[in-house]
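What follows draws every value from the coordinates through simple rules; no lab data is involved. Keep in mind that what you see is a predicted model, and the values were worked out from it rather than measured. For neighbour counting, all protein chains shown are included, and Cβ atoms are generated from backbone atoms with ideal geometry for every residue, glycine included.
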Amino acid sequence: MPSPPEIPRLNDTEEVFQARPFTPGCGRLVERGEHALIGISAGNGYFSQHRIAQLLEWTGRRFGAVDLLYADLHIDTMHRAAGAEQAQASRRACRSLRDVRRRIRRAMEAVRVPARVRCLALSETVDTPGYRSADERVERAMREHPAVERACEDHVRRIIAPEPDPDGARFRAGLSYLRAELPFLLNTPEVLSVDTSVCCYHDLLPVLVGLRRETSCLHPGQGHLVLKPLTAPSN
């Protein structure tokens with residue numbers, strides 16, 4: 001098998017992303033530069049090999065450690081909710097996960113940065129003590145603060161709209177998908193045993209906007225950074 005093409009290193013002066021911290025506190029965590037989490041969605045065409053490499057290059061020169069996290073849970077459920085048969089949903093999920101792993105692997109092979117870099121699947125973390133503890137905190141917050149549950153539900157409704165959902169299957173699948181990611185969105189430091197962490201994504205997630213006033217849900221060392229690309233993604 002031929003080696004993947006080398007992705008050129010970005011010049012220090014080249015502006016690839018517009019970086020926008022979610023809050024001033026998030027900006028201070030970016031300045032500390034201890035840990036960055038890059039969330040990667042399987043099946044999302046935005047995350048080309050080149051784009052992942054750019055994200056890794058950008059974060060890997062500004063943070064001491066970088067984890068690339070791809071969600072591999074509830075993918076088949078999402079396809080089933082969209083109308084696919086079980087076998088078809090499983091094939092689609094396997095195909096999208098195989099593709100995203102390949103893109104991540106090749107991007108990591110092509111980019112050399114000072115940071116410690118890892119690739120994690122969401123399924124690899126759910127049984128760790130850190131994830132379980134953070135998950136329990138999320139569960140408690142959803143029970144005790146109706147605004148948290150409401151923010152999650154509003155997030156899913158915005159994501160699936162305007163697709164038809166007569167029996168609510170898409171909504172339930174989307175909620176399960178989001179629920180699995182919430183410990184990272186709200187509490188990566190506890191999940192991964194780091195002091196501070198900044199989640200990097202190309203858009204501001206609606207659930208974060210909904211939780212802006214629920215600051216007790218966020219670990220004090222949890223930050224969010226919108227990395228908006230200045231150019232269209234390439235494959």
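Odds and ends about this structure:
- Length gained on full extension, residue 118 to residue 203: 28.4 nm, using 0.36 nm per residue less the C-alpha separation.
- Taken over the Cα atoms of the chain, the convex hull encloses 134 Å³ per residue.
- In terms of other Cβ atoms within 10 Å, 23, 125, 231 run from fewest to most in the order 231, 23, 125.
- Residue exposure proxy: 204, 227, ordered by other Cβ atoms within 10 angstrom of their Cβ from fewest to most, comes out as 204, 227.
- Using only side-chain charges placed at the Cβ, +1 for Lys and Arg and -1 for Asp and Glu, the dipole size of the chain relative to its Cα centre rounds to 400 debye.
- In the chain, the DSSP-assigned H stretches of four residues or longer account for a calculated mean residue ellipticity at 222 nm of -16000 deg cm²/dmol, using -39500 (n - 2.57) per stretch and the full residue count as denominator.
- Highest-first arrangement of 210-216, 179-185, where packing means the average Cβ count within 10 Å: 179-185, 210-216
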